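Some notes on the structure that comes next.
The values are calculated or read from the model by the stated rules, or taken from the named source; none is laboratory data. It should be emphasised that the depicted structure is a prediction, and the values quoted were computed from it without experimental measurement. Don't worry about glycine lacking a Cβ; one is built from the backbone with ideal geometry, like all the others, and counts go over all protein chains shown. Protein only, heavy atoms only, side chains kept; ligands, DNA and RNA dropped before computing areas. Shrake-Rupley method; radii C 1.70, N 1.55, O 1.52, S 1.80 Å.
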Amino acid sequence: MLQLPEIQALTSLSADGRLLFATRMVRLFAYGFLAIVLGLYLAALGMNDTQIGLVLSLTLLGDALISLPITIVADRIGRRRMLMIGAVLMIFAGVVFALTRNITLLTVAAIIGTISPSGNEVGPFLAIEQAALPQTTTDKQRTQVFAWYSLIGSLMTGLGSLVGGLLAQNLQAGGRTPLESYQVVIIGYALLGGVLLLLFTRLSSAVEISQPIPSLTLQSLFGLNRSRRIVYRLSLLFMIDAFAGGLVVQSLVALWFNRRFGVDSAVIGAIYLGANLFAGLSALAAARVAARYGLVNTMVFTHVPSNVLLILVPLMPTLPLAVLMLLARFSISQMDVPTRQSYTVAVVDPEERSAANGVTSLARTTASALSPSVTGALFNAGGIGLSVPFFVAGGLKLLYDFLLYRSFKAVKPPEEQ
């Protein structure tokens, strides 16, 4: 019986591959669950928009600094062990955020722990899981597997956003203060970190590197050897895209909808459920497009119109039109994600995949860490400042698309050679 390539990709997964999909589901649900109320929680603590942006920037920067050493040594010390450490950091951040209102302690926890202001991946998880995923399937199915991986991530982020927003809204309707309702959500985030830790303990040794790995030297900085040049080139480009994306992370866009249209957390959660549903479906479609037109072409030519739609969001005069532009943007914006992930692991040596993902993730997270403080300051200024982050983000992403195509259109992954 003939199976669709999307179904063949799922059936090709080993038990470890299915388990990595399960950890992705739990983690992205937790990220969406928290992100929808994170900015509102910090505002309820008495922070102004500039302070909120600064805390979110430090959160992302801390994630990058903590994640790099974990991902560099993951292939040497053990991928499963490093993933478990990441889960512990996630629990730590959730517990501290739930138990204290002290801004200094919150900032320290944000830097050391694992918190996602965007609802997207942070910490060491993505880099290590992406390095292990190709070992759970075949080269032929790799891009489809990454497409499903992105799809379930988007769906779970959206579902988490909806549940987090509804939970906070219902708690407030039941007599809890906004601050108390947001704290309940944060406690749930820490508990989900515990579930993630248990799942990681179930991974087998098949996700580890079997061949000998060269010792770390100054020449193999960040755990890279033969793949060093291409990884650094990709990282520089990814930084442009990530800085732009950091200007419009989910927590700040949720805050923007609240400031611009006065909508509550439940409505914002529903908006992001729809947005992430469209994003997930676009990620699944990306594999078919990439099979026909190539990974780099798919990354670039689906990204350009999504950036134009991003620029249009703040120009809409009403909430329905702004939501329509956002949903239209998400319907194609994530097609570059599984293709980018598949491309990165395909053009580097297998034994350097964790390190390559770690370096590119560091580049992306560090660049995105600088952005929320800029957006926070602009929001605090009010007026046209509410719209500027969308314009700058869209423009920088268009520049990234042009540079990526010019630099890598001739660098083909194995299946396209």
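Of all residues in segment 79-99, how many are in contact with a Ser or Thr (Cβ under 9 Å, 6 or more places away or on another chain) and either without any contact (Cβ under 8 Å) to a residue 12 or more places away in the chain or within 30 Å of residue 225 (Cα to Cα) (or both)?
8
Results for (1) part of a helix (DSSP H, G or I); (2) crowded, with 24+ Cβ neighbours inside 10 Å; (3) modelled with pLDDT of 80 or more, shown as yes or no for each residue.
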{"residue": "182", "(1), (2), (3)": "yes, yes, yes"}
{"residue": "195", "(1), (2), (3)": "yes, no, yes"}
{"residue": "234", "(1), (2), (3)": "yes, yes, yes"}
{"residue": "253", "(1), (2), (3)": "yes, yes, yes"}
{"residue": "284", "(1), (2), (3)": "yes, no, no"}
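I'd like the residue in segment 374-394 that is open to solvent by 40 Å² or more (accessible area, probe 1.4 Å) and not β-branched (Val, Ile, Thr) and, out of all such residues, is nearest to the chain's Cα centre (by Cα).
Looking at the filtered set, the residue picked out is 391.
Out of (1) at pLDDT below 85; (2) of a type outside the set (A, V, I, L, M, F, W, C); (3) out of contact with any Asp or Glu (no Cβ under 9 Å at 6 or more places or on another chain), what's the single condition that is false for residue 75?
Failing condition for residue 75: (3).
I'd like the residue in segment 46-84 that is more than 17 Å from residue 97 (Cα to Cα) and polar (S, T, N, Q) and, out of all such residues, is surrounded by the fewest Cβ atoms within 10 Å (Cβ to Cβ).
Per the stated criteria, the residue is 48.
Please report, ordered by residue number, the helices (runs of 4 or more DSSP H) entirely within segment 289-350 with at least 3 residues that are open to solvent by 20 Å² or more (accessible area, probe 1.4 Å) and modelled with pLDDT under 90.
319-333
To keep it simple, each residue is scored yes or no on (1) of a type in the set (Ser, Thr, Tyr); (2) open to solvent by less than 10 Å² (accessible area, probe 1.4 Å).
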| position | (1), (2) |
| --- | --- |
| 96 | no, no |
| 102 | no, no |
| 106 | no, yes |
| 115 | no, yes |
| 124 | no, yes |
| 138 | yes, no |
| 142 | no, yes |
| 149 | yes, yes |
| 169 | no, no |
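For the list (1) open to solvent by 30 Å² or more (accessible area, probe 1.4 Å); (2) in contact (Cβ under 8 Å) with a residue 24 or more places away in the chain, I need the number of the one condition that residue 7 fails.
Unmet condition: (2).
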